[in-house]
1. Scanning for something under 19 Å from B:W166 (Cα atoms), hydroxyl-bearing (S, T, Y), within 10 Å of chain A (Cβ to nearest Cβ) and not in a helix (DSSP H, G or I), does the range B:235-249 turn up at least one residue?
2. Does A:V89 satisfy the criteria of being in a helix (DSSP H, G or I), under 26 Å from A:L266 (Cα atoms) and in contact with a Gly (Cβ under 8 Å, 6 or more places away or on another chain)?
3. Out of all the residues in the range A:227-239, which are within 12 Å of another protein chain (Cβ to nearest Cβ) and surrounded by fewer than 21 Cβ atoms within 10 Å (Cβ to Cβ)?
4. Can you name the number of the only condition in (1) surrounded by 14 or more Cβ atoms within 10 Å (Cβ to Cβ); (2) within 20 Å of B:H234 (Cα to Cα) that A:G244 fails?
5. Of the residues A:V233, A:V209, which is in contact (Cβ under 8 Å) with a residue 40 or more places away in the chain and under 29 Å from A:S101 (Cα atoms)?
6. May I ask you to say which residue of A:G143, A:G186 is on the phi > 0 side of the Ramachandran plot, among the small types (G, A, S) and surrounded by fewer than 21 Cβ atoms within 10 Å (Cβ to Cβ)?
7. Within the range A:263-284, how many residues are hydrophobic (A, V, I, L, M, F, W, C), more than 9 Å from chain B (Cβ to nearest Cβ) and part of a helix (DSSP H, G or I)?
8. Take the conditions at pLDDT 95 or above and not acidic (D, E) and apply them to A:I105. Does it pass?
Amino acid sequence: MNGAVLNQSRKPQRDWKKLVIHLLLILSVCLIGFPLYYGFVISTQSMEESIQKPQKLLPSGYLLENYKKVWNRIQMGQLLLNSSIVALVVSLGKIAISILSAFAIVYFNFRGKQIAFWMIFVTLMLPVPVRIISTYQVVSYLGWVDTYAGLTIPLIASATATFLFRQFYLTIPDELVDAAKIDGSGPLRFLWSILLPNSGANMAALFVVMFIYGWNQYLWPLMITNSDKMKVVVVGIASTVPVGTQLPEWNLVMAAAMMALIPPVLVVILMQRWFVHGLIESEK
Amino acid sequence: MKKSIFKNRWLPYLLISPQIVIVLVFFFWPSFESLRLSAFKVSPFGDRQIFVGLENFSRLLISAEYHRSVFHSFVFSGGVTFLGLSLSLFIAALANQKIRGLRFYRTAVLWTYGIAPPVSGIIWLFIFHPSYGFLPYLLSMVTTYEFNWLLKGWVAILLVIFAATWAHLGYNVAFFLAGLQTIPKSVMDAAKVDGASGFSLFRWITFPLLSPVTFFLFIMNMVFSFFETFGIIHAVTQGGPGDATTIMVYKTYLDGFVHMRMGLSAAQSVILMAMVISLTVVQFRYTERKVFY
């Protein structure tokens, strides 16, 4: 009886609290979404509409026209293709070489293992900007300036991916190795038919994180490419920003920005479960 | 440590070699080259190098321009870190409550992880545009202050801080959410029994228990805003107006690739390298990252 009374008096208060939480969350989501919404709305307007005062914050009818125009102007197809190649080669490359190194580190004893492990670890402390000039010199010495090899291979080493796979292999029971040995299958066979089929979740997780990393590179592609044919989209769209006396075609700038933004954001949304896992696990 | 291992003389070397070759060629060689170059004066076309010892460093030490870039870096990184952490902790705390529509809310925040910093920069550039942008227009209705980033350095810094924070929000929220989920329910229940609720529960229980995550994110945000935001500066403000948004990484690039002062630029790279190494060491020492044997 008493409890029922208590419950009744508490319930409206709890509902009220939940309402506040919902309102605050909706406010945050709107605040975070606003730049994207703004960019999208502008990308559907004519140039006159996009620079009028006050701006209308509603979509207009120029979406297709704007996107087509900017697509042709900066060869968006080529830019998106290059970004996809870079993001795919970098993410898959990082995963592949990290699987192999983690396998060597966990399942073999060899001379120099400790040093190798430390060398991979130290790459965490050498982000692109701090070695940019000399890395550029090394790549031009190899003759890789303005090539896909130059764009991707220097970015492929990955301490975080190596650590993640190492952690994962350490959780695989020793009995499986023993069983494999008794069956007479060698290490590569074990890697291929036991470890890899069980690494799916880790690979998917790393793939999202590394794909975004590759797609969003700016400084390195800016340095290492000089022809329009090799440019990536994040660098390419920066050139659409009007300067000086150029027409203020901000509607086209925003259309270009949307096209550069959508692929990585889609990858994050569609693979959200794996992405959160990959992000958290690889930093542990 | 595994007890069960394979025995093979050359296979482990073969397996680890792709990664080690890349590390040696594109990480160690350039880093040593930067270290070496920092002790030289290099002619603009790179054909002559004169050994000058520590002169590049002493020139930086007395250069007012360099001091300003250090100051701008700290203002920028401090702003990004403070704004990013407070905003994302606020959102994560809300999105950790038991309410309907959680999946929607989380997705509606986490998607920002996909934004490339320069793309974010370009969108914010238009929001801040002195003649057409939405924000100066809004402000012009309440004040006559000229909110023009092309003229006012602090507005330009605000612009790049907003752009960087927006692009990094998903990352921060993901870690705070994961951290919040590791707080045992029993601890929260005990505190509730003791009468804690709402803000006091957050202030005295949740926040202290989250401190390892907060510390980790503090370091990661400093590293991000120091090293990964070059694209925002390059695509949006080009370090301007004047040198108001010339952060250390951007100045290193300007000296090396625009002004062709390779030695001076290499010396700045070495300083940046020392900074990122100390940040990483601090982070590994004070957070419990167990990657070592």
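1. First, pick out the residues of the range B:235-249 that are under 19 Å from B:W166 (Cα atoms): B:235-237, B:245, B:247.
Imposing the further condition that a residue be hydroxyl-bearing (S, T, Y) reduces the set to B:237, B:245.
Those still in the list that are within 10 Å of chain A (Cβ to nearest Cβ) too: none.
The answer is no; no qualifying residue exists.
2. On the way: in a helix (DSSP H, G or I): yes; under 26 Å from A:L266 (Cα atoms): yes; in contact with a Gly (Cβ under 8 Å, 6 or more places away or on another chain): yes.
So A:V89 fits the description; yes.
3. If the condition is that a residue be within 12 Å of another protein chain (Cβ to nearest Cβ) and surrounded by fewer than 21 Cβ atoms within 10 Å (Cβ to Cβ), then A:S239 is the only one that fits.
4. The one condition A:G244 does not meet is (1).
5. Numbers: A:V233 fails: under 29 Å from A:S101 (Cα atoms).
Just one listed residue meets the conditions, A:V209.
6. On the way: A:G186 fails: on the phi > 0 side of the Ramachandran plot.
None of the other options fit; the residue is A:G143.
7. Start the filter on the range A:263-284 by keeping residues that are hydrophobic (A, V, I, L, M, F, W, C), which leaves A:265-271, A:274-276, A:279-280.
Now drop any that are not more than 9 Å from chain B (Cβ to nearest Cβ), which leaves A:270-271, A:274.
Narrowing the set further to residues that are part of a helix (DSSP H, G or I) leaves A:270, A:274.
Qualifying residue count, the range A:263-284: 2.
8. Values: at pLDDT 95 or above: no; not acidic (D, E): yes.
So A:I105 does not fit the description; no.
The values are calculated or read from the model by the stated rules, or taken from the named source; none is laboratory data. Computed from a predicted structure; not experimentally measured. Cβ sites come from the backbone with ideal geometry, for glycine too, and all protein chains shown count toward neighbours.
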